[in-house]
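Notes to accompany the following structure.
The values are calculated or read from the model by the stated rules, or taken from the named source; none is laboratory data. Keep in mind that what you see is a predicted model, and the values were worked out from it rather than measured. All Cβ positions, even for glycine, are placed from backbone atoms using ideal geometry, and neighbour counts span all protein chains on display. SASA here: full protein model, heavy atoms, side chains in, ligands and nucleic acids out. Shrake-Rupley method; radii C 1.70, N 1.55, O 1.52, S 1.80 Å.
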Amino acid sequence: MNRQKFNMPVIVHNALQLPPLLSSQLQDFVFQMPGTLFQWVEQYGSPLHLIWPEALKQNLARLTRVLEEHHLPHKIYYGAKVNKSKALIEAVLQAGAGVDVSSRYEMQDALQFGADGSHLCATGPAKTADFHELLIAQGALISIDSAEEFEDLICHLSLEYPARILLRYRPISAGDSRFGMPSKIIVQCLQHIKNDPRLIFEGFHMHLSGYQVDSRLQALRELLPLVAAAHELGLVPKLIDIGGGLPVQYVASSFYEAFIARQTSKDYRNGFVPEGFYPYGGAFDAATWLAALLDSEIQNGVSVARYFADHHITFALEPGRALADQTAISLFRIIRVKALGNGRYVIFVEGSSFNACETWFSSEFLVDPILLSVCSSASNHGPVHAYLAGQTCLDDDILSNRWISFKALPCADDLLVYANTGGYQMDLLENEFHRHPMPKRMYVRSDSNGVPIICADTV
Ligand SMILES: *Cc1c(COP(=O)(O)O)cnc(C)c1O
């Protein structure tokens, strides 16, 4: 960035259509200290991903409070695949929660931060033999996805190192899914477990796509006969893990509903309204969702919470996105703003759609970026409409096909702030295309005087 612009005052333009919900801490940064954000991008490059690990602890505390209020034994495993940040794993462990690991690399990160192996849970359908071995050696909980995985695991077992296992159930509503097992196969596994002292049966697991309380409730009801079947064989389920999928609110429901109701193909530069979106402006936050599930009736007037408490079954869950809520923002420097005619523009950012990747899933991130502007002519223009492209030569490198309205025409060297990118957005598809270096991921903490400082997010 040229120094002249760097020294100019920053004008913060909040989004017009789909303004992001920001925690008060993040609001302070974006609205009160935009100069600091410019400095950091100057220092570390664009895009720059910033992580607030303390926010994850607050999310954990909110969910834990709901579980405690319902007086049932519980366990939270952080779905580590949601973000590659090591600082977030460290925060999870400092808060005393477990981690759901799906590769030996996620597991090694957790172990490096001092995780006790018994607080790790491994899901995923295609665990390799060496991953199984590591899990067994560390005493981690293994969710068995298939009869085939069950057989493979048995080959590695010894009496010295028994395996702690969950059986992953495939709910009827997910009948076509490749994950989990139908009841019949689960019962066959239970019959084998009964006769094999090298297997420690801990309970059941499931994970559903979608974000409905009702689908989880229905799946839990389907598990009740399996709990009974286990008891008949003399096996005691100690834990049921309901997976993740707790919802996150990115924008206020009112803004979101209004946009969804009135959007047309004209809102998209490619003339195409995506078929589906993450529910960015859903009615529930994760804690409210969890309370609704726990208060729902599972059978004969008994609530889910009561059922777990009465049967001494630990209620486990594996939120990824919900724990990453409000933990991160991503900053993109604008390289160039190109006029397309008819008052329309394309904004090229330094970075790519691999760093804010929803379009690669045939959808859109329905959250507007906030514009931090250093260009003096900003006030001379009315609202303008632009789509956002990455800096690569790929035609599909689009951060937003949706026309985003800006109060003022953005300029080169301005920053766009994408809020709440911690949940899959920022790094799921990141790569070194065109040999651009990987973006920096830094975490923010306060020094002893309360001044924010940033540190590289590495072990
Ligand atoms: C991805 C995944 C999660 C986390 O899902 P979120 O939607 O991020 O909460 C939890 N459990 C399993 C088995 C998963 O595959």
Can you list which of the chymotrypsin sites (Phe, Trp or Tyr not before Pro) found in the stretch 362-459 are DSSP loop residues with at most 11 other C-beta atoms within 10 Å? none
Roughly speaking, what is the centre-to-centre gap between the stretch 118-145 and the stretch 84-109 when only Cα atoms are used, to the nearest Å? 14 Å
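Looking at the stretch 303-402, send over the antiparallel percent of its DSSP beta bridges, to the nearest 5.
On the way: 9 of 14 bridges.
Restricted to the stretch 303-402, the bridges split so that about 65 percent are antiparallel.
Counting only protein heavy atoms and a 1.4 Å probe, tell me what percentage of the chain's accessible area is made up of carbon and sulfur.
50 percent
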Rank-order 275-281, 244-250 by packing density, defined as the average count of other C-beta atoms within 10 Å over each peptide's residues, highest first. 244-250, 275-281
Taking 2.2 N^0.38 Å as the expected size of a compact globular protein, what ratio does the Cα radius of gyration of the stretch 323-459 give against it, to two decimals? 1.10
Quick one: helix 129-138 against the long Cα principal axis of the chain, what's the angle to the nearest 10°, folded into 0 to 90? 70 degrees
No other cysteine beta carbon under 4.7 Å away is the test; run it over the chain and list who passes. 121, 155, 189, 357, 393, 455
What whole-number value in Å² describes the accessible area per residue of the chain for a 1.4 Å probe? 42 Å²
Relative contact order of the chain, defined on C-alpha pairs under 8 angstrom at six or more residues apart (%): 23 percent
A correct Kirkwood calculation over the Cα atoms of the stretch 190-282 returns a hydrodynamic radius in Å of 16.9 Å
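Grab the DSSP H runs of the chain that are 4 residues or longer, score each as -39,500 (n - 2.57), total them, divide by all residues and round the 222 nm result to the nearest 500 deg cm²/dmol.
It comes out at -8500 deg cm²/dmol, rounded to the nearest 500.
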Determine, for each peptide in 78-90, 116-128, the mean count of other beta carbons within 10 angstrom over its residues, then list the peptides with the highest first. 78-90, 116-128
Treating only Lys and Arg (+1) and Asp and Glu (-1) as charged, each at its beta carbon, one finds that the stretch 113-242 has a dipole about its Cα centre, in Debye to the nearest 20, of 360 debye
Any idea which of 332, 234, 308 is furthest toward the positive side of the dipole for the chain, if Lys and Arg beta-carbons carry +1 and Asp and Glu beta-carbons -1? 332
Which order, highest average first, do 434-442, 234-242 follow once you tally other Cβ atoms within 10 Å for each residue and take the mean per peptide? 234-242, 434-442
Using the Kirkwood radius over C-alpha pairs as Rh, can you work out the diffusion coefficient of the stretch 1-99 via Stokes-Einstein at 37 °C, viscosity 0.692 mPa s, in µm² per second? 199 µm²/s
Expressed as a percent, the portion of alpha-carbon pairs in the chain spaced more than 37 Å apart is 32 percent
